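Pasting a structure below so you can have a look.
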Amino acid sequence: MKFPPNLKRLFQLLAPFQGRIYLALIGMAVTASTEPTLVWMLKELLDRGFAKPPTIPFWAVPVCVIGLFVVRGVSTFATTYLMTWVSTRLLNEMRRKMFDRLLDVPLGFYASTSVGQVINSMMFEVQQVIDMIKNVIVNSIRSSLTAIGLIGYLFYLNWQLTLVTVVLIPTITAIIRVTGKRLSVLTQRYLAINAEMTQVLEETTRAHQVIKLFGGQDYERTRFEQRADKLRSYSMKMSATFAATVPITQTLTSVAVSVVIVIALVQAMHGHQTTGEFVAFITNMLMILTPLKQLAEINGPLQRGLSASDAVFNMIDAPSERTDGKVLAQRATGRIDFVDVGFTYPGAEKPALSHIDLTVMPGETVAFVGMSGGGKSTLVNLVPEFQAASSGEIRLDGEPIRQLALHSLRAQMAMVSQHVVLFDDTVAANIAYGDTHPDPARVAAAVKAAHLTEVVAGLQQGLDTLIGDNGNRLSGGQRQRLAIARAIYKDAPILILDEATSALDTESERAVQGALDDLMRDRTTLVIAHRLSTIERASRIVVLVHGEIVEIGTHAELLAKNGAYANLYHLQFEKEAA
């Protein structure tokens, strides 16, 4: 039998738990063996218990029956407990692998994968895979063992009649194979729509203010209902396909049972079998219906689990960032060289950056300006290698960054962005984020340097105050200063500022700018700026147009040139004045 590749990988992941799995299999075998044993006890009771005189003691009946069901109960409990232990461990292991890969994927991963897809895979689809292992595989093994045991006992009782029953197996297998192909296609579509619905839910909860302000309730309701209707449609198609399998299987089985009963009656009339053998055979045949029905029913969950495993393993196998390179022996001085650097986004026809040649000296503040889409953010993102340059070379203290380990390279850098990212934790934990052994003295110093002393003093629990989802219990200026405090705490020699004050009001901007001035002192600083008034004191200003450097100089020098920078400055000044 040819197993799907993903099923083989799942079995490989189960290898560390094989001891408990073997014990569970023994439990399944014991449970399965109680089925034909019960039929044998019924035969003996009819042949010997109802004989005149009875040839078995009466006390043996309850002892055997109760004992049999005690054994069955213990084996069933042991199987369930062991497989639950294994499946929960496997669930954690798969989620850990997915989360580890999520931490290591490059920035481009999120260009083709939505947050909703990630959440859906990690929470829903991986659970589908575990349910397949816990329920489908366990039930299929248990039902198969039960069916084999019952068929074996049927051969023992009457091999001629058993041949009629065995004819059912290839017929049922063919039905399952046909319905399985259709279920596989329907399940893949179902999972894709489910991922879309998760994305809608994620966007709706994240953008609730925009939805209310712009009256998007009807639009979001329509998006949700469209996907809900599609999910319902595919659920009905899957259910219809799945449900058709059971009655077809049962009808075929009933035909076989009817033929067997007629033949058995004829044999009984000629004295070829006892009453106990006849009743045992019919009972055995009827008992086979249950495991055969269960085997027919596993097809739907099996296909759902296999389809879900595609998404799970696609995430686990997603390309990760490079792991090679050497570790810097000491703190970097902060010199950055761009040597004929170019970058083209995957699938783009034109390069986003071309022939970038620039040297940033230690402690220098260099600002990058230009119209939107000019390449400012792209260029700065190449420095910590969020994306790798397509051509040319970037060097840190004379060493190509491609030859440095990413964790060592990024340890030399801190970033403060206009899109502040905070965690639902305490103020102190957000400031010392990434430090496994936070230093309270450094945290306090960072609070002071970021002009957060009064803010922290006003919080009910001070530095131990939980700030909520992305810091929603703080104001915009407080959140920005908390991000600056995080950068101060890291004390990296290179600082990247991406419009760190653009979203603030004037009063908050003053406080934040003061914290930034302290942070930038004696650090190599790369500044992305749209508001040109914030970079007038930069050591140099680099003007980017269509991914190329067109001007470099100080604020005064570039204004005197009356070129691209002067045009941008005067245009912005006129807008602000208006």
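The values are calculated or read from the model by the stated rules, or taken from the named source; none is laboratory data. Source: prediction; values computed, not measured. Counting neighbours? That spans all protein chains shown, and the Cβs are built from the backbone with ideal geometry, glycine included. Surface areas here come from the heavy atoms of the whole protein model, side chains and all, with no ligands, DNA or RNA. Shrake-Rupley method; radii C 1.70, N 1.55, O 1.52, S 1.80 Å.
Tell me, yes or no, whether region 34-56 has at least one residue that is under 20 Å from the mean Cα position of the chain (by Cα) and over 30 Å from N381 (Cα atoms).
Of region 34-56, the ones under 20 Å from the mean Cα position of the chain (by Cα) are none.
Within region 34-56, none of the residues are under 20 Å from the mean Cα position of the chain (by Cα) and over 30 Å from N381 (Cα atoms).
Would you check if there is a residue in region 379-397 being closer than 19 Å to H546 by Cα and of a type in the set (K, R)?
No; the residues of region 379-397 include none that is closer than 19 Å to H546 by Cα and of a type in the set (K, R).
Next question, about the same structure. Scan region 11-31 and give yes if some residue there is of a type outside the set (K, R), within 30 Å of I282 (Cα to Cα), part of a helix (DSSP H, G or I) and more than 37 Å from the chain's Cα centre (by Cα), otherwise no.
Yes, region 11-31 has at least one match.
Under the condition of being of a type outside the set (S, T, N, Q) and open to solvent by 80 Å² or more (accessible area, probe 1.4 Å), which residue from region 225-247 is farthest from T204 (Cα to Cα)? Steps first, please.
So in region 225-247, the residues of a type outside the set (S, T, N, Q) come out as 225, 227-232, 234, 236-238, 240, 242-244, 246-247.
Okay, now just the ones that are also open to solvent by 80 Å² or more (accessible area, probe 1.4 Å), so 225, 229-230, 232, 236-237.
Numbers: E225: 13, D229: 18, K230: 19, R232: 21, M236: 27, K237: 28 Å.
Per the criteria, the residue is K237.
Then there is this: When you check L409 against the structure, is it surrounded by 15 or more Cβ atoms within 10 Å (Cβ to Cβ) and not in a helix (DSSP H, G or I), yes or no? Let's see the steps before the verdict.
Numbers: surrounded by 15 or more Cβ atoms within 10 Å (Cβ to Cβ): yes; not in a helix (DSSP H, G or I): no.
It is false that L409 is surrounded by 15 or more Cβ atoms within 10 Å (Cβ to Cβ) and not in a helix (DSSP H, G or I).
Sticking with this structure for a sec: Mind counting the residues in region 54-70 that are within 13 Å of V30 (Cα to Cα), open to solvent by 70 Å² or more (accessible area, probe 1.4 Å) and at pLDDT below 90?
The total comes to 1.
Return the residues of region 285-344 that are open to solvent by 50 Å² or more (accessible area, probe 1.4 Å), small (G, A, S) and more than 17 Å from the chain's Cα centre (by Cα); say none if nothing qualifies.
If the condition is that a residue be open to solvent by 50 Å² or more (accessible area, probe 1.4 Å), small (G, A, S) and more than 17 Å from the chain's Cα centre (by Cα), then A329 is the only one that fits.
Need the failing condition index for A492 against (1) open to solvent by 50 Å² or more (accessible area, probe 1.4 Å); (2) part of a loop (DSSP other than H, G, I, E, B), just the number.
So A492 meets the others, but not (1).
Checking A487 against (1) more than 20 Å from D522 (Cβ to Cβ); (2) buried (at least 16 other Cβ atoms within 10 Å of the Cβ); (3) within 31 Å of the chain's Cα centre (by Cα); (4) of a type in the set (G, A, S), which test does it fail?
(1)
Testing H355 on (1) out of contact with any Gly (no Cβ under 7 Å at 6 or more places or on another chain); (2) part of a strand (DSSP E or B); (3) open to solvent by 10 Å² or more (accessible area, probe 1.4 Å), one condition comes back false. Which one is that?
Condition (1) is where H355 drops out.
Which one is farthest from the chain's Cα centre (by Cα), of the residues in region 426-463 that are at pLDDT below 90 and among the acidic types (D, E)?
Filtering first and then ranking leaves E454.
To keep it simple, each residue is scored yes or no on (1) open to solvent by 60 Å² or more (accessible area, probe 1.4 Å); (2) aromatic (F, W, Y); (3) at pLDDT 80 or above.
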| site | (1), (2), (3) |
| --- | --- |
| T88 | yes, no, yes |
| R101 | yes, no, yes |
| F109 | no, yes, yes |
| V118 | no, no, yes |
| M123 | yes, no, yes |
| I130 | no, no, yes |
| I137 | no, no, no |
| I141 | no, no, yes |
| S144 | no, no, yes |
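OK, next. From (1) over 30 Å from Q128 (Cα atoms); (2) part of a loop (DSSP other than H, G, I, E, B); (3) of a type in the set (S, T, N, Q); (4) in contact (Cβ under 8 Å) with a residue 40 or more places away in the chain, pick out the condition that doesn't hold for Q330.
(4)
State all residues of region 377-406 that are more than 25 Å from Q480 (Cα to Cα), open to solvent by 40 Å² or more (accessible area, probe 1.4 Å) and not acidic (D, E); if no residue qualifies, say none.
Within region 377-406, A388, S390, S391, R395, G398, R402, Q403 meet the criteria.
Quick grid of which residues meet (1) modelled with pLDDT of 85 or more; (2) of a type in the set (S, T, N, Q); (3) over 30 Å from K97 (Cα atoms); (4) open to solvent by less than 50 Å² (accessible area, probe 1.4 Å):
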position	(1), (2), (3), (4)
P5	no, no, no, no
L13	yes, no, no, yes
P16	yes, no, no, no
G19	yes, no, no, yes
T31	yes, yes, yes, yes
M41	no, no, yes, yes
E44	no, no, yes, yes
A51	no, no, yes, yes
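Something else about it: Hey, can you tell me all the residues within region 549-559 that are surrounded by fewer than 16 Cβ atoms within 10 Å (Cβ to Cβ) and in a strand (DSSP E or B)?
V550, I552
Which one is farthest from I496 (Cα to Cα) among residues in region 361-375 that are outside any loop (DSSP other than H, G, I, E, B) and open to solvent by less than 10 Å² (accessible area, probe 1.4 Å)?
V369
Also, I was wondering about something else. So which residues in region 518-556 are acidic (D, E) and at pLDDT 90 or above, if there are any at all? Walk me through it before giving the result.
Pass one, region 518-556, residues acidic (D, E): 518, 522, 536, 548, 551.
Listed by number, the residues that qualify are E548, E551.
Taking the stated definitions as given, is L466 within 31 Å of the chain's Cα centre (by Cα), of a type in the set (A, V, I, L, M, F, W, C) and either under 30 Å from G398 (Cβ atoms) or buried (at least 18 other Cβ atoms within 10 Å of the Cβ) (or both)?
Numbers: within 31 Å of the chain's Cα centre (by Cα): yes; of a type in the set (A, V, I, L, M, F, W, C): yes; either under 30 Å from G398 (Cβ atoms) or buried (at least 18 other Cβ atoms within 10 Å of the Cβ) (or both): no.
No.
Please work out if A564 is modelled with pLDDT of 85 or more and open to solvent by 50 Å² or more (accessible area, probe 1.4 Å).
no
May I pose another question? Hey, could you check region 306-334 for residues that are out of contact with any strand residue (DSSP E or B) (no Cβ under 7 Å at 6 or more places or on another chain) and among the basic types (K, R) and say which is farthest from V545 (Cα to Cα)? Step through it out loud before you land on a result.
Quick first cut of region 306-334, residues out of contact with any strand residue (DSSP E or B) (no Cβ under 7 Å at 6 or more places or on another chain) only: 306-324, 327, 329-331, 333.
This time we only want the ones that are among the basic types (K, R), so: 322, 331.
Details: R322: 31, R331: 34 Å.
Within region 306-334, the match that is farthest from V545 (Cα to Cα) is R331.
Being under 30 Å from T323 (Cβ atoms), in contact (Cβ under 8 Å) with a residue 12 or more places away in the chain and part of a helix (DSSP H, G or I): is that true of L46 here? Lay out the reasoning, then the answer.
Details: under 30 Å from T323 (Cβ atoms): no; in contact (Cβ under 8 Å) with a residue 12 or more places away in the chain: yes; part of a helix (DSSP H, G or I): yes.
Criteria not met by L46.
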